[in-house]
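To keep things clear, I will list the structure first and then write my remarks on it.
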Amino acid sequence: MEIEEIEVKDLDPQVFVEQKIAEIASLVGSGLAVNALSGGVDSSTVTMLGHKALGERLKTYFIDHGLMREGEPKKIVALFNEIGVPVEIVDAKAAFFDALKGVGDPEEKREAITQAFYKDVFGELVKESGATHLLQGTNYTDIEETVAGVKRQHNILEQLGIDPEKEYGYKVIEPLIRLRKPAVREVAKALGLSEEIHNRPPFPGPALAARVIGEVTWERVETVRKATGIVEEELSNTGAFQYLAILHEDMVTGVRSGKRDYGFQVEVRCWDSQDAKTGSPTRLPYEILERLAERITTEVPGVVSVTYNITKKPPSTIEAV
Ligand code: XMP
């Protein structure tokens, strides 16, 4: 890979912040930039860098594609408004769910999200706003996994031979491209972002679509969204790297009140990891696993089976899609 990583031990977060602010200001010049905030540590860090570099010449959008956790759009926008960063919510649910209709293959799903995001939604926003640049939080691990062919990360363009200027009409600036997550967290801290943001567990760009096996429909996302809420409530104090719920495509026979109940299967994953490159399942106490099964099968309509993934990455990956 041509891009060289800056490791945490070699990073001076304050100096990095100053350099990136100067670089963004010089690249954008007198133009306008846009960026999408999801509330993850990467996009939050980029939002702050862009805000400090460009002030009102940065327009930050929260793209509500309907694939987020419960209540997420409002919560994140409020958090940023509190620190003086204006963010506009864009309702893009229809564009994303239309693009995902009938798509079951994981890589095709990622491609559909990329197209909906960059072309349909951002293409339009950029046109409307007259922006010349898009700021985004691509990190070193995203590039590495895409180049290695593990997964097509939704935010990778140039490494796949896509010229965003030719294809979508704007230039992309990626200030975090030489950093992995732990280094991004240091930069976020240096920018004064709260613990809630700089310490957030990772969440994938394709959001809950990365956790629905098979077709992504509104109903299926609702199922995984409810299960995700329970998993996060139960596992947030474990100190694990990441924990998630996956909705399987196959249905299985269950029994409820003495009657056959053909229903959904949810898989819980909880990872110990440093940088998401490799990972091991957390050795959760059995009582927690039992509580997860109990809550998911009673609180999430239609679920009759809950399993826990006991496979390491590799050969598993953190997300299922
Ligand atoms: P995998 O599933 O590849 O995930 O083992 C590694 C880490 O990356 C996150 N992830 C993504 N992040 N865009 C992102 O910004 C993506 O397309 C994407 N896919 C996976 C995942 O949550 C884990 O932390």
*Scan the range 209-245 for residues that are within 11 Å of the ligand (Cβ to nearest atom) and at pLDDT 95 or above and jot them down.*
A209, A210, R211, Q242, Y243, L244
*asked:* Given the options V85, V90, V77, name the one that is in a helix (DSSP H, G or I) and not basic (K, R).
replied: V77
*asked:* Looking at the range 200-222 only, could you name the residues that are surrounded by fewer than 22 Cβ atoms within 10 Å (Cβ to Cβ) and more than 21 Å from L37 (Cβ to Cβ)?
replied: I213, G214, E215, T217, W218, E219, R220, E222
*Output yes when any residue across the range 267-276 is within 27 Å of V216 (Cα to Cα), within 16 Å of the ligand (Cβ to nearest atom) and of a type in the set (V, I, T), and no when none is.*
yes
_Of all residues making up the range 246-263, the number that are away from the ligand (no atom under 13 Å from the Cβ) and in contact with an Asp or Glu (Cβ under 9 Å, 6 or more places away or on another chain)_ = 6
*For the range 176-194, how many residues meet the condition of being assigned to a loop (DSSP other than H, G, I, E, B) and either open to solvent by 40 Å² or more (accessible area, probe 1.4 Å) or at pLDDT 95 or above (or both)?*
8
*Return the total of residues in the range 132-169 being touching a strand residue (DSSP E or B) at 6+ places or on another chain (Cβ under 6 Å) and either in a helix (DSSP H, G or I) or open to solvent by less than 10 Å² (accessible area, probe 1.4 Å) (or both).*
4
_Could you go through the range 51-73 and let me know if any residue there is closer than 30 Å to G149 by Cβ, without any contact (Cβ under 8 Å) to a residue 12 or more places away in the chain and open to solvent by 20 Å² or more (accessible area, probe 1.4 Å)._
no
*Considering each residue of the range 271-312, count those that are open to solvent by less than 40 Å² (accessible area, probe 1.4 Å) and of a type in the set (S, T, N, Q), and give that number.*
5
*Which ones in the range 27-37 are open to solvent by 20 Å² or more (accessible area, probe 1.4 Å) and farther than 20 Å from R178 by Cα?*
G29, S30, L32
*Here is a list of conditions, (1) of a type in the set (V, I, T); (2) surrounded by fewer than 21 Cβ atoms within 10 Å (Cβ to Cβ); (3) assigned to a helix (DSSP H, G or I), and I197 meets all of them except one; can you say which number that is?*
(2)
*Would you mind stating whether E233 is in contact (Cβ under 8 Å) with a residue 12 or more places away in the chain and either open to solvent by 50 Å² or more (accessible area, probe 1.4 Å) or within 30 Å of K127 (Cα to Cα) (or both)?*
no
*If a residue has to be part of a helix (DSSP H, G or I) and within 21 Å of P202 (Cβ to Cβ) to count, how many in the range 289-321 make the cut?*
1
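The values are calculated or read from the model by the stated rules, or taken from the named source; none is laboratory data. The structure displayed is predicted, hence computed values, not measured ones. Positions of Cβ are backbone-derived with ideal geometry, glycine not excepted, and every protein chain shown enters the neighbour counts. What goes into the accessible areas is simple: the full protein's heavy atoms, side chains included, and nothing from ligands, DNA or RNA. Shrake-Rupley method; radii C 1.70, N 1.55, O 1.52, S 1.80 Å.
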